[in-house]
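Remarks on the structure that follows.
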Amino acid sequence: IAGKTGTAQTAALKDDRRKGTDIPKKLRDHAWFVSYAPAEAPRIAVVVLVENMGHGGSWAAPLAKQVIEAYVKSKPSEPVTADAGFDQGQAPMAVAMQGAHD
């Protein structure tokens, strides 16, 4: 797996306040992780955004790992894309973990 974590600030807070747990949830940073696998010959790309939960390595990266592991375990013969025809109303994580169902 190759990837990069990221943190997107939702509000400008002083550095000393940013580390506190007293920050209202709506002001907490967003966690990002952008990844692909396998690193040598990519067959899947995964981007995870977890709103208001902090750092990408703490929240988003573990979720991306679960999605990639589920993909590898299913051993699909063709890459799955957004154009694959899944129901746009399905929850993205459910689609990623269980596959699309009509």
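What is the extension gain from Leu49 to Lys4, computed as 0.36 nm multiplied by their sequence separation minus the C-alpha to C-alpha distance, in nm to one decimal?
Additional length available on full extension: 15.0 nm.
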Links that overshoot a 31 Å alpha carbon limit, given the list Lys25/Lys75; Lys25/Lys65; Lys26/Lys73 = Lys25/Lys75; Lys26/Lys73
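Quick note: the coordinates plus some simple rules give every number you see, no bench work behind them. Please read these numbers as outputs of a predicted model, since none were measured by experiment.
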